[in-house]
Every structure is written in structure tokens, then in C-alpha cells.
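*Asks:* Here it is, the structure, as C-alpha cells.
No lab work stands behind these numbers, since they all come straight from the coordinates. Because the structure is a prediction, the values reported are computed rather than measured. Note that each Cβ is placed from the backbone with ideal geometry, even for glycine, and that neighbours are counted across all protein chains shown.
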There are 2 protein chains.
Amino acid sequence: MYDIVILGGGPGGYVAAERAGRMGKKVLLVEKERLGGVCLNHGCVPTKSLLNSAKLYLHALNSENYGVTVQGAEFSLEKAMKWKQNVVNTMVGGIEFLMKENGVDVVMGEGTVHADGSVSVGNETYKGNSLIIASGSSPFLPPVPGIESSTVITSRDLLQMEKLPGSLTVIGGGVIGMEFASLFSSVGVTVTVIEMLEEVLPMMDKRMAKMVRASMEEVDFRLSSRVTRIKNDRVFFEQNGKEQSVQSDYILVAVGRKANVESFKNAGIAMGRGFVMVDERMRTNLPNIYAIGDVTGKSMLAHSASRMGEVAVNTIAGKKDRMRYNAIPWALYTTLEAAGCGLTEDAAKKEGRSIHVGKYQMKNNSRFYAEHGKAAGLCKIVADADTGVILGIHFVGGVSSELIGGAAVIIESELRIQEIKEVIYPHPSLSEVIRDAVWQINQGGNDA
Amino acid sequence: MYDIVILGGGPGGYVAAERAGRMGKKVLLVEKERLGGVCLNHGCVPTKSLLNSAKLYLHALNSENYGVTVQGAEFSLEKAMKWKQNVVNTMVGGIEFLMKENGVDVVMGEGTVHADGSVSVGNETYKGNSLIIASGSSPFLPPVPGIESSTVITSRDLLQMEKLPGSLTVIGGGVIGMEFASLFSSVGVTVTVIEMLEEVLPMMDKRMAKMVRASMEEVDFRLSSRVTRIKNDRVFFEQNGKEQSVQSDYILVAVGRKANVESFKNAGIAMGRGFVMVDERMRTNLPNIYAIGDVTGKSMLAHSASRMGEVAVNTIAGKKDRMRYNAIPWALYTTLEAAGCGLTEDAAKKEGRSIHVGKYQMKNNSRFYAEHGKAAGLCKIVADADTGVILGIHFVGGVSSELIGGAAVIIESELRIQEIKEVIYPHPSLSEVIRDAVWQINQGGNDA
């Protein structure tokens with residue numbers, strides 16, 4: 001008898017297992033494939049490894065202005081993939097170690113949840129006082145005629161590719177689509193992105209999404225375009241009422257992800273729109289059954305899943321904790337990075353909130369200019385007009401993905417304009433743009 | 001008649017001028033050389049530009065493992081210097097614009113402060129209701145026999161160098177000495193660093209300072225070594241009671257900086273140990289005369305000077321503000337970066353504080369490993385054992401210099417261990433090491 005059985009060893013499940021093990025709970029973690037889940041094995045981590053290789057390649061090509069000339073720069077997909085796989089394997093090993101260190105039992109195999117909360121794996125059945133479902137998600141393939149074509153692939157397939165294709169069509173201009181478009185176009189692949197909405201990256205501030213798109217000059221973007229069918233290696237889509245098409249070696253479908261529900265479909269867990277319904281303590285409708293991560297559809301990000309795992313474990317342990325969604329950062333690791341946390345200007349206005357907005361061009365920051373010249377870059381801060389509380393911080397450019405952690409601290413802590421003005425950021429650093437953007441907020445007073 | 005006259009247009013003076021101008025004050029800024037001061041023209045900014053060039057050169061040389069091969073890579077000091085000068089000139093132009101935009105009058109020339117607080121520049125005398133002295137500092141040349149040798153140079157000279165020297169001896173293993181040692185050794189110059197203390201970088205956690213030193217494998221470090229004399233191109237020093245010497249093309253002296261006091265030496269301003277004495281509102285002993293930045297010797301960093309400028313301006317405007325020194329970050333931009341904010345473990349123990357320490361190896365972070373493999377990297381968190389308040393955050397490795405801004409928010413806001421555990425950092429990002437290091441703190445309880 002376990003204290004906690006956890007179904008799924010991704011960033012939700014393995015973090016929950018570690019935290020619970022650390023508390024002294026007896027924990028079983030069931031994983032059908034490999035610890036680390038999609039994020040580590042087929043998602044965020046390998047993508048970032050390859051994108052780093054692409055960025056190093058661009059450095060090699062484009063550093064002459066900074067005093068570095070290079071002859072004969074070449075990108076080897078084979079080597080980049082080999083390194084990526086080393087990264088994945090090393091990190092999976094790290095999680096295995098973490099599980100041992102915290103006394104977590106791990107069973108490899110496909111789990112099936114029964115109505116009483118027990119979980120079968122093969123011939124064995126395991127029971128815990130509590131069950132945490134962290135079964136994750138899979139790429140959603142839309143019901144487009146021809147989607148079964150052999151040229152249609154998912155992000156997972158692309159991460160195993162052995163040879164660079166000549167051309168790639170990406171259906172879907174969200175985070176996954178844009179990162180792969182950036183990666184492959186950087187190393188010479190002809191890339192077309194087809195997006196149904198009028199702009200890519202719908203979670204972003206419109207203006208900033210446009211900056212990212214504009215930075216990918218080599219990519220052919222087809223916005224407001226609805227894919228109608230696929231025939232072999234050709235995608236047909238409707239743009240401005242006209243049918244058009246594009247041919248390519250591969251077609252990446254990246255239009256969203258669906259919850260993995262197979263393992264618990266007969267257990268009586270309440271669902272909504274295809275995802276498990278949970279409250280702010282990650283409780284499902286059934287007593288002692290919790291769900292965390294992508295399967296809840298609440299915030300399909302690895303770090304959200306990890307935090308949900310902590311909330312579930314704390315709840316099981318009788319500690320007060322709740323999941324909050326207002327200060328979850330996201331980051332886009334395209335060669336021009338972007339990141340955000342909290343409300344965008346657009347979203348705040350849609351909510352009818354009274355806000356102040358501060359903007360700062362990164363090229364006015366000395367470190368940014370030294371390292372990127374006049375490249376695109378912007379920081380935008382959204383604050384509540386009445387209280388001065390910072391509601392949103394958004395970046396395009398530089399190491400946005402590393403600045404956003406500090407921004408999450410600000411939003412989670414509900415810091416105010418005046419408090420940020422008194423924070424001392426190091427000079428010269430890109431992080432100064434946060435303070436500089438805050439200083440651009442005109443609160444209508446002579447506040448220094 | 002001005003509201004405020006400011007002597008010195010560095011990061012103390014120009015920020016004070018901008019903030020005051022923005023408030024509607026009538027401001028005069030006196031600068032003897034060029035807006036931006038030492039930091040922008042001869043210090044932090046040009047150094048960081050050159051260090052970025054060096055880092056790009058190392059990328060070009062060492063990216064094969066990540067999939068990028070080059071036939072040959074060359075570092076051109078001429079081009080790197082040209083870009084650096086472009087950066088400096090562009091940023092100086094930005095400050096000039098900022099001054100105009102905020103209605104600040106700028107007078108170029110050497111100012112002399114009189115006992116009544118007026119300032120003469122050439123034949124003109126200017127008077128303000130308040131005076132802010134922001135005259136900065138200059139390299140300190142120790143009274144070592146032979147220091148007048150033509151091979152002895154300062155950081156300022158090095159930043160104007162037209163040809164790479166074959167060899168360089170650096171006297172002083174502080175931030176300036178280490179950054180230049182890193183820069184020049186990275187591009188093939190034979191570098192020796194002579195440091196009087198037993199370890200370089202005395203403001204750092206000892207173990208982390210050692211990591212930085214160890215990363216600079218090509219540099220010959222002579223620790224616990226006291227320079228006794230210089231003869232032409234040879235530095236003599238005593239190490240373990242024995243006289244030794246090293247010969248090099250140039251000798252960089254970087255043992256500290258002294259306040260620039262010439263301009264106000266007859267004004268009756270109270271001094272202590274060679275620096276202007278100020279209170280926490282930046283007031284000197286004389287009514288309506290303030291001092292900020294390096295000339296106070298309080299925290300000789302550009303960002304400290306800027307914040308001091310804001311405190312002085314707020315004080316003049318009758319707003320409550322005070323300078324705090326506990327949350328000032330520093331960053332070291334050597335090819336292995338390091339940064340810190342708040343108390344080190346060593347310092348906390350010396351103060352006799354009861355603390356918890358959390359450490360996290362960066363190579364266990366997936367983004368770090370993807371981008372740097374098993375390179376050196378560590379995050380160390382120091383927290384008060386009783387309250388859980390975070391007192392210090394220190395990094396070696398990766399983009400430490402950009403992570404430390406977020407750390408400064410934590411320390412300035414006096415956040416606690418439990419609060420950081422609830423912050424969601426993006427995955428995979430290096431910024432996660434802060435949360436991971438916090439989780440390593442054993443508070444003696446089963447806290448998840």
C-alpha cells in the first residue's frame with residue numbers, strides 16, 4: 001500500500017514524486033515510456049538544445065561586425081541531434097537518480113486506473129491512499145482530409161530527423177510551430193507557416209508577436225489561412241477566399257495538444273472539453289484522486305505541471321496550498337527570443353481594466369546594443385492604474401527567456417511600480433530594461 | 001539660477017539629471033569630458049562589448065560538439081574595437097538625447113566647486129539651490145617603485161589598444177583585473193595575474209571565486225603575492241617569502257580606484273578615507289550639497305551611483321527616500337560569468353548570523369546542460385535561519401549577469417524561502433536554479 005501513486009513521469013509527475021518522497025511519503029511512480037515525459041524526451045528540452053545549436057550557427061555566420069570572422073561554417077544536423085540526445089539521456093538519468101534519492105518506487109509500463117483508484121500495470125495492481133493523474137497530452141491532429149499522408153509529421157518526429165529536409169510546411173503558428181520554423185529556417189530549410197488567425201502566437205501582445213514574425217525573414221507566413229486538405233506532400237488552404245497550396249518535403253502539424261485520457265477513461269473522472277476537471281487544489285470529482293499538468297488543460301506548460309504537482313502533494317499532506325495561474329511565465333526560444341508573464345496590454349484592455357503601460361526599446365540598453373546592435377527588442381510592462389501593482393511583463397529580444405523568471409517574481413509578489421523603481425539592477429545588463437520600462441510609465445505625477 | 005547643479009555626467013550624474021528634469025526641475029549638468037562618465041566611455045560598457053566579442057570567438061572555436069563546425073576562426077581586435085567605439089558613441093548620443101528630452105542644460109568643461117556651493121566652469125559661474133557632486137573616481141596607482149614605467153597602463157589605456165599585445169601582466173585580481181585577464185587570454189594573449197590576497201575576487205564566496213579562477217586555465221595566477229617593484233617591463237613580487245618576477249609587453253594596474261576630489265578640494269566638504277562622507281540621503285556635511293557614486297566610496301558600481309542619484313534628487317524634492325546597500329547586485333562578465341547580490345555564506349558566518357544555505361549545480365539544469373554541458377556552474381542561496389528571509393543569491397556560470405537582476409528583486413523585497421518555492425520559473429531555463437537551490441535548503445521540516 002502506497003501513500004501516493006502517480007500516473008505519468010513527466011514534469012508534473014516526477015516533481016510530485018520527488019516532493020512527496022522528500023516528505024517521507026511512500027510513493028509509486030508509473031511511467032509508460034521514459035521518465036521526463038514529453039517535455040524532456042520529445043518536447044521542450046530537445047527543442048531548446050537544437051535551437052541553441054542553431055543560435056551558435058548564426059553566431060558563427062554573423063559575428064564579423066563584432067570582430068570574429070569565420071571560414072566555412074557548417075551546421076551538422078547529425079552532431080546537433082547527437083548532442084541533443086546526450087542532453088535528454090543525461091537529464092533522464094538525473095530524474096532516475098532523484099527518484100532513488102527520494103525513495104520513490106518507479107514502475108515502467110502502461111497504467112490503467114480503476115474506479116476504486118487502484119492502478120494496474122500489466123498483471124500487477126497498485127493501490128495508494130491517493131492517486132495523482134499526470135498522464136500528459138499528445139499532439140492533436142485535426143480532422144483535415146489527407147492528414148494521414150506520410151509527409152505529415154509531429155514535433156516528435158521532427159526531433160528524430162536524421163537529415164535536414166529541403167522544405168517544411170508548418171501548420172499552426174503557436175509556440176511549437178514557431179520554434180520549429182525558427183530552428184529549421186535558421187539552418188537553411190525552406191519553411192512556410194500556415195496560421196488560421198490573423199497573427200501568430202496568440203498568447204502574445206499583438207505588436208510583439210509581429211516583431212517575432214518579422215524577425216523570421218526567410219519564413220513564408222500565411223496568416224488568416226485555413227487548411228482545407230492535404231494531398232500527399234501538398235497542403236491546400238484558403239486565404240482571402242482563395243484556395244492556395246504549398247508543397248514541401250514534410251508537413252508539421254502543430255495546432256494544439258489533446259489530453260491523454262486512455263488510461264483512466266473507465267474510472268468515472270469528470271471531464272470538461274476533453275480535459276480532467278480540477279479545483280485549485282488539483283482535486284478531481286473523485287475522492288483522493290488528483291490530476292495535474294497537461295491532462296487538466298489548465299496551463300499546458302512543464303513548469304505549470306510541476307507546480308500543480310507540488311500543490312497536489314501539499315493538499316494530500318494536509319498543507320494549505322493552491323494553484324494560481326496569474327504569474328505563470330512562458331518563453332519562446334526562437335532565434336529572436338520572447339517571453340511573458342501576466343496580463344498583456346490587449347488582455348487587460350479586453351477585461352476593461354484601467355492600466356498604465358511602460359515600454360522600453362532594448363536597443364537603448366547598452367548591453368543589448370553591444371551584443372545585438374539595432375536588432376528587434378522590446379520590454380512592455382502593464383500595471384494597474386489605481387494600485388500601481390505590476391500585472392504583466394513582456395519581452396522580445398536578447399535573453400528574454402532568462403529575464404522572465406525575475407519578472408515572474410515581481411508578478412507573483414504583486415510588487416508595485418514604486419517598488420521596482422527602488423530595485424537596483426546591475427549595469428550594464430539587459431535586465432535593466434524592466435526598471436527602464438517601469439520608469440516610462442506615466443502615472444500622471446512627478447514621481448521620481 | 002538652477003534648482004540643481006550636478007557635477008559629473010556619469011551614471012550617477014546623468015541619471016540624477018534625468019530624474020530631476022523629468023520632475024520639472026531646472027537642472028545644469030557639468031561634465032569635463034564626455035557624458036556617460038568612466039562607465040560608459042572607459043569602463044563597464046566598452047569592456048562588456050569586447051568581452052562579448054571574445055565570447056563569440058570562443059563560440060566559433062568550440063561549438064563542434066553542438067553541431068557547428070568552422071574551418072577557421074579569427075579574432076580581429078581592430079573590428080572588435082571599432083564596434084565597441086560604435087557602442088560607446090551610440091550610447092553617449094542616447095544620453096545627450098535624454099538630457100535634451102528632459103530639459104537638462106549641459107555644460108562641457110572642468111567644474112570647480114566653491115565654498116558657497118557655486119560651480120565655476122572656465123569664466124562662468126553657476127549656482128543652484130542644490131549641488132550634487134558626482135565626480136567619480138580614477139584608477140589608483142600604488143606607490144610601487146617603477147610604477148611610472150611606460151609599460152604600466154590602466155584599464156582605460158587597454159580599451160584603446162590598437163594591436164593585441166603578446167603578453168600582459170595584471171596587478172590585482174578584482175573585477176577589473178579579472179575581466180581584462182579573461183578578455184585577453186581568450187584571444188590568445190599570455191596573461192599573468194598577481195593578487196596580494198590568497199584568492200581573487202574578494203567580494204565573492206570563496207568557493208565560487210575559485211571556480212572562476214579555475215575556469216581561466218590559460219592564465220597564470222600568482223596569489224598571495226605582493227608586488228615589490230617594477231623595472232621596465234618586469235614586475236617583481238614576493239610569493240611565499242621569495243622574490244619572483246614576470247616580464248610582459250604591458251602591465252595593467254587594477255588595484256582599486258580613488259575618488260576624484262580635485263574639483264571640490266577647497267569647498268570644505270567633509271572627507272573620510274579619501275571619499276566624501278554622506279548620509280543615507282546622500283547629504284554631505286554642507287547644506288544643500290549632496291554627493292553620489294564613486295566619489296562617496298560607498299559602492300563603486302554604476303548602478304549604485306544611479307540609485308544614489310535618484311535618492312539625492314528625491315531628497316532635494318522633499319520626498320522620502322534612502323539609499324540601501326543590502327540588495328546591490330554585482331556581475332562579473334568574464335567568459336565564465338559570475339554574479340551576486342546580498343550576503344555571501346562567508347560574510348553571514350563572519351557576522352555570526354544563523355543561516356541556511358542552499359546550493360544547486362548548474363549542470364543539473366537542463367537548459368544549462370544543453371548549452372554548456374558539464375561546464376562550471378553553481379547557484380548558492382543564503383537565508384536567515386529564523387525568518388527564512390533570503391539574504392544572498394550568488395551565481396557562477398551561464399548568464400549569471402542576467403539572472404542576478406531577478407535575484408535583486410528577491411533580496412530587495414525580503415522574500416522568504418516559502419515564497420520562492422511558490423514562484424513559477426519557466427522550464428527549461430537557467431533561472432530555475434534559484435528555485436532549485438531554495439529547495440535544497442533543509443529547514444529541518446518536511447516542507448514541500
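*Asks:* Give the peptides A:226-232, B:277-283 in descending order of average Cβ contacts within 10 Å, highest first.
*Replies:* Averaged packing, sorted descending, gives the order B:277-283, A:226-232.
*Asks:* Take chain A, connect every pair of alpha-carbon atoms lying under 10 Å apart with a spring to form a Gaussian network, then pick out the residue of A:N102, A:N260, A:N62 with the largest mean-square fluctuation.
*Replies:* The residue with the greatest mean-square fluctuation here is A:N62.
*Asks:* Using a 7 Å offset from Cα along the direction of the beta-carbon, what are the separations from B:E238 to the same position in each other copy, nm, ascending?
*Replies:* For B:E238, the inter-copy label distances come out at 9.0 nm.
*Asks:* Treating only the Cβ of Lys, Arg, Asp and Glu as charged (+1, +1, -1, -1), what charge dipole size does the range A:152-253 show about its Cα centre? Round to the nearest 20 debye.
*Replies:* Its charge dipole is roughly 220 debye.
*Asks:* If you don't mind, there's one more thing I want to ask. If I model the range B:251-370 as equal point scatterers sitting on the Cα atoms and use the Debye formula, what is log10 I(q)/I(0) at q = 0.15, 0.17 Å⁻¹?
*Replies:* Log-scaled intensity ratios, in q order: -0.88, -1.01.
*Asks:* Sum -39500 (n - 2.57) across every DSSP H segment of at least 4 residues in the protein assembly as shown, then divide by the residue count to get the 222 nm mean residue ellipticity, nearest 500.
*Replies:* Mean residue ellipticity, 222 nm, calculated: -9500 deg cm²/dmol.
*Asks:* Between B:L159, B:L35, B:L286, where does the largest GNM mean-square fluctuation fall for chain B, given springs only between Cα atoms within less than 10 Å?
*Replies:* Most flexible of the set in this elastic network: B:L286.
*Asks:* HN-Hα J couplings of the range A:390-398 from phi, Karplus 6.51/-1.76/1.60, θ = phi - 60°, integer Hz, Gly and Pro as x?
*Replies:* Per residue, the Karplus-derived 3J(HN,Hα) values read 6, 9, x, 9, 9, 10, 10, x, x Hz.
*Asks:* Of the residues B:S150, B:S263, B:S120, which exhibits the maximal mean-square fluctuation in a Gaussian network model of chain B defined by a 10 Å Cα contact cut-off?
*Replies:* Of B:S150, B:S263, B:S120, the most mobile in the Gaussian network model is B:S150.
*Asks:* Counting only other chains, what is the mean number of Cβ atoms within 10 angstrom of the Cβ of each residue in peptide A:51-62?
*Replies:* If you average over the peptide's residues, the count of other-chain Cβ atoms is 5.
*Asks:* Here's a follow-up. For A:D105 and A:N65, what does the FRET efficiency come to when R0 = 41 Å and r is the distance between their Cβ atoms, rounded to the nearest 0.05?
*Replies:* Given R0 = 41 Å and the Cβ-Cβ separation, E is 0.15.
*Asks:* When each copy gets a label point 7 Å from Cα toward the beta-carbon at A:D105, what are the spacings between them in nm, shortest first?
*Replies:* From this label point to the equivalent ones elsewhere in the assembly: 8.3 nm.
*Asks:* Might you report the magnitude of the Cβ-based charge dipole of the range B:329-439 about its Cα centre, with Lys and Arg at +1 and Asp and Glu at -1, to the nearest 20 debye?
*Replies:* Using Cβ point charges on Lys, Arg, Asp and Glu, the range B:329-439 gives about 360 debye.
*Asks:* Which far-off residues, 5 or more places away or on another chain, put their amide H under 5 Å from the one on B:L252, with H placed in the peptide plane?
*Replies:* Those qualifying (amide H under 5 Å, at least 5 residues apart or on another chain) are B:I153, B:T169, B:V170, B:I171.
*Asks:* Go through the range B:147-164 residue by residue and turn each phi into a ³J(HN,Hα) via Karplus (6.51, -1.76, 1.60, θ = phi - 60°); whole Hz please, and just put x for glycine and proline.
*Replies:* Karplus values, whole Hz, x for Gly and Pro: 4, 7, 4, 5, 7, 7, 9, 10, 4, 4, 5, 4, 6, 10, 4, 9, 9, 5.
*Asks:* List the GluC sites (Glu not before Pro) in the range B:350-432 that DSSP assigns to loop (not H, G, I, E or B) and whose Cβ has at most 11 other Cβ atoms within 10 Å. Which are they?
*Replies:* B:E351
*Asks:* Say a label goes 7 Å from Cα toward Cβ at B:Q71 in every copy; what distances in nm does this one have to the rest, shortest first?
*Replies:* 0.6
*Asks:* A follow-up question, please. Highest mean first, what order results for B:37-45, A:210-218, B:324-332 on Cβ atoms within 10 Å?
*Replies:* The packing order, highest mean first, is B:37-45, B:324-332, A:210-218.
*Asks:* Quantify how strongly other chains surround peptide B:310-319 by giving the mean number of their Cβ atoms within 10 Å of each of its Cβ atoms.
*Replies:* 2
*Asks:* Give the calculated FRET efficiency between A:D386 and A:N288 to the nearest 0.05, with a Förster radius of 35 Å applied to their Cβ-Cβ distance.
*Replies:* Plugging the Cβ-Cβ distance into 1/(1 + (r/R0)^6) gives 0.25.
*Asks:* Rounded to the nearest 0.05, what FRET efficiency do B:K242 and B:L197 have when you use their Cβ-Cβ distance and R0 = 25 Å?
*Replies:* 0.90
*Asks:* Show me, for the range A:276-286, the HN-Hα J-couplings you get by feeding each phi into the Karplus relation (A = 6.51, B = -1.76, C = 1.60, θ = phi - 60°), rounded to Hz, glycine and proline as x.
*Replies:* 6, 7, 9, 8, 6, 9, 6, 7, 8, 5, 8
*Asks:* Also, I was wondering about something else. What does the average come to when, for each residue of peptide A:398-404, you count the partner chain Cβ atoms lying within 10 Å of its Cβ?
*Replies:* Whole-number average of other-chain Cβ neighbours for A:398-404 is 6.
*Asks:* Let me ask something else. By average Cβ neighbour count within 10 Å, what is the ranking of A:235-242, B:127-134, B:362-369 from highest down?
*Replies:* In decreasing order of mean packing, A:235-242, B:127-134, B:362-369 become B:127-134, B:362-369, A:235-242.
*Asks:* Relative contact order of chain A: what whole-number percent is it, with Cα pairs under 8 angstrom and at least 6 residues apart?
*Replies:* Reported as a whole number, the value is 14 percent.
*Asks:* Ok, one more. Given +1 on the Cβ of Lys and Arg, -1 on the Cβ of Asp and Glu, and no further charges, what dipole in debye does the protein assembly as shown carry about its Cα centre, rounded to the nearest 20?
*Replies:* 760 debye
*Asks:* To confirm my reading of the symmetry, which residue of chain B has the Cβ nearest the axis that brings B onto A, and what whole-Å distance does it have?
*Replies:* B:G406, 1
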